Every structure is written in C-alpha cells, then in structure tokens.
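Reading through the structure tokens given below for one structure.
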Amino acid sequence: MDVFSHLASYDYGEVHFRRDPASGMRAIVAIHDTRLGPSLGGCRFLAYAREEEALVDALRLARGMTYKAALAGVPHGGGKSVLLRPAAPVFDRAALFLAFGRFVDALGGRYITAEDSGTGLEDMELIRHETKHVTGVDVKNGGSGDPSSFTALGVRRGIEACAQLKLGRSSLEGLHVAVQGVGHVGYHLCKELAACGAKLSVADVDPLKSERAQREFGADIVPLDHIFEIECDVLAPCALGSAINDETVPRIKAKIVAGAANNQLHEPRHGDDLNQRGILYAPDYAINAGGLINVAQEVVGYNATISRDRTLKIYDTIHEIAERSMSTLTPTYRVADLMVEEKLARAGAPGSKIVSSSR
C-alpha cells in the first residue's frame, strides 16, 4: 500500500491508524483540514475487501467533509473514520466501539466523530463512555439523536432550488423523484418529498425498505438496476458513493441529479459528463450538509431550531451554485469547489491553523 501517494493525491498531511489487540479493532482516522476548526465527520463500520480500500474511503470522505463544512458555514474542518468490520460472523461490537472511543480520545479533540454508514445512535453512546469528542448521541445526554432527518430536509430544500432553476417549478407537487437507497436518509427524504406532493419511485438492495416506502408514501418500486433509467424529473442517489459513473451516466433520463449520498461522482469527470448532457447536478457535499449542520450544533450546545434554520438555507447554497454554473457554463461541482477553495484560502495555508476541540 503506497500510503503517502494516497495522501498526496487528496492533499493530506495527517492520517492515524490504530489496532487494539484485545478487541480486534482496526481503525483509521483521516484528518483532512483544521483551518476552520477541529475536524468533524462520521465513523463508518463496513467490511472492506482490502485495507487500501478502507484508507481511500476515509481519505475521500474526510476531504468531502472539509468542503461540506466550509460551504455550509460550519466552524469545522474535515475528518472521517473507518472502523473495519471483522470478517468473523460473531464479534463483540461493544468492545470494538469502546476501543474506538479510546482511539478518538487519544487524538485530543482534533477529530470529533459521529455516525455514518454501518453505525448508529447506540454506537455513539458506547463511544461517549470513552471520549467527549463525539456527536449524534442520545437527546437525554445532550445530543441531537439520529441526524438523518436533517440531512433529508437539506436535500429536499436543494431539490426545490434545482426544480425552480431547471424546471421553473415553484413547488414539488407532482414532481417525479427516483430515490436510489431508502435506508435512514433515503427514507426520511421520501417522507419529506411525499409531504410536498412529489411522486416517488424507489429502489434498494433490501426489498423490505422499498416495501416500507411503498406502504407509507405510495412509492413505486423499481428494480435496483433500473433506477437510473427511470423517466423522471429528479434522480436522488441516497446509497453508497460512486453511483454516477461510466455505466450509469448514459442511462440517466432525469433532468436533475440531487441526492444524499457522499462522493456520488465516481471521478470528477463524471460531473463534466452530466453537464454536457444538460443534467443539473447538485454537488453532494453542498446538498447533504444538513446532518453535519445538526451535529455540529452539539459542539456549542444543541438547539434544534438553529439547526433547522441553518439547514433550510441549503436552498440558497444550491441556488447560488446552480446560478453561477449556468451563467459561466461551468459544471456545478467545479463551481462548488471554487467557492470552498476561496474560503479556505482566506483561512491561510494548510496546517497554518491547528485546532482542537475544547468540548
């Protein structure tokens, strides 16, 4: 594994590895940038075929968190962690997350963790036993609980901005949205969209999740491999990353791509491909920032009203990106990146501001 080449390709200087023999924990914490504040980002608990895949996942996601926080106006840098799921069918989950909590605590506040794919509220509560540098904990312990509903709220607001600019629609009534992945965030997004009168098509690897969306929101169930070629207004990728790739881009019939998944573009050039096809893409880290906005509020003292008000402003962010894209004929992902890089440049050179959390 050529670690330093990977770090250079994502503009890194700091990655931490930890193995705990007693629990069997193997974990990676990637800290991308701390110029705007201590790094904040979720912990993934997934199985990886190779350790290199886990590292690259952490690097890509943490970089995305830097950009997400900067664009959302959250005073944090980008971080992400990967806790490698054991291959054995039986393992002590509590021991793994307690060990991970000690790992996070040893970083002294430079990284604040939260939930992500494969982790949930119960895991954050275990981590809380070992460190104060964790968000997304139970409300009774001063946390905000599951951030999925806030992520979904922000995505819905972003879809509204795209629909207004691209389709001239002032509401989502009758808008057809195809949702790929109806897990935590995808489910809440369907709930948001259904409440606005949108028509839904859904696909998920778990048929029970699709059936739930059908039962509760009247969604049409689509085979997983057909969701990208549905005739619809909006395609909303809400599963794992890299959904927009060489195989899927030519099949997309939607006018807008706007979803909750991280790292939706398999490669940056796929954002160019969407732009060339006249498809409006809402950059993932801009539209899905609601969850980050919500958990970041825990660091300063949680207030749900403030979190909601700030999440609603994602409409303005997406609207500005799309307007600048249309006026300059520049793909939206490039516009969003430029907006972030301008803000980071004003904060100084990488490494010029090393920040830890006093929380």
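The values are calculated or read from the model by the stated rules, or taken from the named source; none is laboratory data. This structure is a prediction, so every number in the text was calculated from the model and none was measured. Because the Cβ atoms are built from the backbone with ideal geometry, glycine has one as well, and the counts that use them run over all protein chains shown.
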Residues of the stretch 239-259 satisfying the condition of being crowded, with 18+ Cβ neighbours inside 10 Å and touching a His at 6+ places or on another chain (Cβ under 9 Å): Gly241, Ala243, Ile244, Thr248, Val249, Ala254
Residue set Ile306, Ile318; condition closer than 24 Å to Ser149 by Cβ and in contact with a Cys (Cβ under 7 Å, 6 or more places away or on another chain); output residue Ile318
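Before we move on, is Ala99 at pLDDT below 95, outside any loop (DSSP other than H, G, I, E, B) and not assigned by TED's automatic domain parsing to the domain that holds Tyr333? Step through it out loud before you land on a result.
Numbers: at pLDDT below 95: no; outside any loop (DSSP other than H, G, I, E, B): yes; not assigned by TED's automatic domain parsing to the domain that holds Tyr333: yes.
Here the answer is no, as Ala99 does not meet what is asked.
Among Leu208, Leu235, Leu200, which is in a helix (DSSP H, G or I) and either closer than 25 Å to Tyr333 by Cβ or assigned by TED's automatic domain parsing to the domain that holds Arg308 (or both)? So that I can check it myself, show each step before the final result.
On the way: Leu235 fails: in a helix (DSSP H, G or I); Leu200 fails: in a helix (DSSP H, G or I).
Among Leu208, Leu235, Leu200, only Leu208 is in a helix (DSSP H, G or I) and either closer than 25 Å to Tyr333 by Cβ or assigned by TED's automatic domain parsing to the domain that holds Arg308 (or both).
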Check the stretch 301-310 and report whether any residue there is of a type outside the set (Phe, Trp, Tyr) and touching a Lys or Arg at 6+ places or on another chain (Cβ under 9 Å). no
Let me spell it out: the conditions are (1) over 14 Å from Val257 (Cα atoms); (2) in contact (Cβ under 8 Å) with a residue 12 or more places away in the chain, and Glu231 meets all of them except one. Which number is the exception? (1)
Is it the case that the stretch 65-81 has a residue that's surrounded by fewer than 21 Cβ atoms within 10 Å (Cβ to Cβ), under 19 Å from the mean Cα position of the chain (by Cα) and farther than 16 Å from Ala347 by Cα? no
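Go through the stretch 107-123 and count every residue that is within 12 Å of Leu83 (Cβ to Cβ) and at pLDDT 95 or above.
Going through the stretch 107-123, the residues within 12 Å of Leu83 (Cβ to Cβ) turn out to be 113, 115-119, 123.
Subsequent filtering for residues that are at pLDDT 95 or above retains 113, 123.
Count: 2.
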Please identify the pairs in which a residue from the stretch 84-113 that is without any contact (Cβ under 8 Å) to a residue 24 or more places away in the chain has its Cβ atom under 9 Å from the Cβ atom of a residue that is part of a strand (DSSP E or B) and loosely packed, with under 14 Cβ neighbours inside 10 Å, counting only partners at least 6 apart or on another chain. none
